[in-house]
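To start, the structure itself, in structure tokens.
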There are 2 protein chains.
Amino acid sequence: MAQFMDVHHDMRGITADQLREAHQADLAIEKDENVHFERAWADPESGTVYCLSEGPSAEAVQRIHERAGHKADEIHEVSLSI
Amino acid sequence: MAQFMDVHHDMRGITADQLREAHQADLAIEKDENVHFERAWADPESGTVYCLSEGPSAEAVQRIHERAGHKADEIHEVSLSI
């Protein structure tokens with residue numbers, strides 16, 4: 001299993017409710033790809049959302065995000081962390 | 001206090017030791033600006049590093065990173081998180 005940070009742009013104005021709903025939509029189906037979404041952070045002003053996840057591949061993470069209706073713009077495998 | 005995600009590009013090939021040293025350099029002086037660096041994640045392949053911090057402003061976070069020798073390329077206040 002690897003860890004991933006993915007980034008969504010163009011989420012300007014996202015609310016706490018919308019962030020929670022989007023995260024719940026990922027959690028509801030993440031097991032299909034053996035992925036787990038751990039955390040998410042949003043900057044409503046610039047419209048940037050960061051998601052931290054664990055899973056077998058970036059493609060698996062993206063498939064969950066796509067099915068949940070919010071494809072990531074970037075996904076980076078973060079093999080180092082503190 | 002607010003929470004921030006900052007991003008460093010051009011860190012291609014960063015090692016676990018280098019990430020730890022950079023993080024320690026931030027921790028050593030963070031109190032000067034009432035900032036705390038909580039986590040850091042690195043993708044050595046693309047050269048991207050993400051740092052999660054808490055502090056009074058993006059400028060305060062940047063001052064610590066600059067003094068520690070690694071100015072951030074982007075700093076986003078992440079006012080929402082899960």
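I need the full set of residues from the stretch A:25-82 which are small (Gly, Ala, Ser), under 14 Å from A:ILE14 (Cβ atoms) and within 14 Å of another protein chain (Cβ to nearest Cβ), in order please. Don't jump to the end; show me each part of the working.
Pass one, the stretch A:25-82, residues small (Gly, Ala, Ser): A:25, A:28, A:40, A:42, A:46-47, A:53, A:55, A:57-58, A:60, A:68-69, A:72, A:79, A:81.
Still in the running and under 14 Å from A:ILE14 (Cβ atoms): A:25, A:40, A:42, A:46-47, A:69.
Result: A:ALA25, A:ALA40, A:ALA42, A:SER46, A:GLY47.
For the stretch A:11-24, how many residues are part of a helix (DSSP H, G or I) and more than 7 Å from every other protein chain (Cβ to nearest Cβ)? Full working, then the answer.
Just the residues of the stretch A:11-24 that are part of a helix (DSSP H, G or I), to begin with: A:16-24.
Subsequent filtering for residues that are more than 7 Å from every other protein chain (Cβ to nearest Cβ) retains A:17-18, A:21-22, A:24.
Residues that pass the stated criteria total 5.
Does B:HIS9 satisfy the condition of being under 13 Å from the mean Cα position of the chain (by Cα), exposed (fewer than 14 other Cβ atoms within 10 Å of the Cβ), within 30 Å of A:ALA16 (Cα to Cα) and in contact (Cβ under 8 Å) with a residue 40 or more places away in the chain? Spell out how you get there, then give the answer.
Working: under 13 Å from the mean Cα position of the chain (by Cα): yes; exposed (fewer than 14 other Cβ atoms within 10 Å of the Cβ): yes; within 30 Å of A:ALA16 (Cα to Cα): yes; in contact (Cβ under 8 Å) with a residue 40 or more places away in the chain: yes.
Judged against the criteria, B:HIS9 is a match.
Can you tell me how many residues within the stretch B:28-65 are loosely packed, with under 15 Cβ neighbours inside 10 Å, farther than 21 Å from A:SER46 by Cβ and not polar (S, T, N, Q)?
The number of residues fulfilling the criteria is 5.
Can we say B:GLU74 is closer than 25 Å to A:GLU38 by Cα, touching a residue at least 24 places away in the same chain (Cβ under 8 Å) and not small (Gly, Ala, Ser)?
yes
Could you go through the stretch A:35-53 and let me know if any residue there is of a type in the set (Asp, Glu), in a helix (DSSP H, G or I) and at pLDDT 95 or above.
Restricting attention to the stretch A:35-53, the residues satisfying the condition of being of a type in the set (Asp, Glu) are A:38, A:43, A:45.
Going one step further and asking which of them are in a helix (DSSP H, G or I), we end up with none.
Within the stretch A:35-53, not a single residue is of a type in the set (Asp, Glu), in a helix (DSSP H, G or I) and at pLDDT 95 or above.
Is it the case that A:HIS23 is of a type outside the set (D, E, K, R), buried (at least 17 other Cβ atoms within 10 Å of the Cβ) and touching a His at 6+ places or on another chain (Cβ under 9 Å)? Full working, then the answer.
Values: of a type outside the set (D, E, K, R): yes; buried (at least 17 other Cβ atoms within 10 Å of the Cβ): yes; touching a His at 6+ places or on another chain (Cβ under 9 Å): no.
Spelling it out, it is not the case that A:HIS23 is of a type outside the set (D, E, K, R), buried (at least 17 other Cβ atoms within 10 Å of the Cβ) and touching a His at 6+ places or on another chain (Cβ under 9 Å).
The values are calculated or read from the model by the stated rules, or taken from the named source; none is laboratory data. In this text the structure is predicted, and so the values were computed from the model without any measurement. All Cβ positions, even for glycine, are placed from backbone atoms using ideal geometry, and neighbour counts span all protein chains on display.
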